[in-house]
Each structure stands twice: as structure tokens, then as C-alpha cells.
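Just so you know, all these numbers are worked out from the coordinates, no wet-lab data involved. As the structure is a computational prediction, the values presented were derived from the model and not from experiment. Counting neighbours? That spans all protein chains shown, and the Cβs are built from the backbone with ideal geometry, glycine included.
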Amino acid sequence: MKHMSSGFTIVEALVAIVVLGVGIVALVSASSSVTRMVGRGKMETRAAQAASRRMEELRAAAGTTSPRCGNPNFATGGPVLSGGVTERWQVAATGKVRQVRVTVTYLTVRGLRTASLETSIPC
């Protein structure tokens, strides 16, 4: 007489649970990595916006007087802290074309990061 059984054996069920567990652990690991990347990207974006905004303020200050670049706001300055980003800027003291550099410093999980934005502004 032949005996028929249907369903899974205990070994098959255990293997399926182990495979599922490994997959879930991999998803959790990827999720934390993605969360860190998003946070870092947010701070980098905030820093880039702060540097760009400061550069535009300096460019506008240079053009508000006649002759150009006579505005007292068109000068070296900082540090200014806003939104977790520290800004410093340097403006060349003389010249028909002045070099302007804006440096931003911000904190990430791996420590402080610094980025610079440079341009020339005609006077």
C-alpha cells in the first residue's frame, strides 16, 4: 500500500525561514544606509544653498554703489551660523576684478566638511 502525503517537511520550512530572515536583514541594512545618505545629501544641499545665497548677496552689494564695489557690505566677513552651516567669505580688497570666495562648513556623521564657492566680480 502506498502512503501519500502533501505539504512541506520541517526541513523545507526551516530553510524557507532562514532565507526569509537573511532577506529581511539585508533590507534593514540597506534602509539604514539610505537614511544616512539622505541626511548627508540634505546637509550638503543646505550648505550649497547657503554658499550660493551669500555669493548672490555679495554680488548685489557690489552693484549697489557707483562706482561699483563701494558698499561696506561688499567686504570680507563671517563666521555666520545659520541652519547648521557656518559661512565665511573673503573679498579681495582692491582691483578692477575682485576674487570672492565663500566657504561653508557643516557637520556630517563623519565629522566636519568644508566646501568653497569662488567667483570674480567686476568692479
Notebook entry, point to check: Somewhere in region 31-44, is a residue touching a strand residue (DSSP E or B) at 6+ places or on another chain (Cβ under 7 Å), under 30 Å from LEU112 (Cα atoms) and assigned to a helix (DSSP H, G or I)?
Noted result: yes
Next item on the list: Kindly list the number of the only condition in (1) surrounded by 10 or more Cβ atoms within 10 Å (Cβ to Cβ); (2) polar (S, T, N, Q); (3) outside any helix (DSSP H, G or I) that fails for GLN49.
Entry: (3)
Checklist line | In region 59-117, the residues that are in a loop (DSSP other than H, G, I, E, B) and among the aromatic types (Phe, Trp, Tyr) | finding: PHE74
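Listed here are the residues, each with its yes/no results for (1) touching a strand residue (DSSP E or B) at 6+ places or on another chain (Cβ under 9 Å); (2) not acidic (Asp, Glu).
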| position | (1), (2) |
| --- | --- |
| GLU12 | no, no |
| VAL15 | no, yes |
| ALA48 | yes, yes |
| MET55 | yes, yes |
| THR64 | no, yes |
| PRO72 | no, yes |
| THR86 | yes, yes |
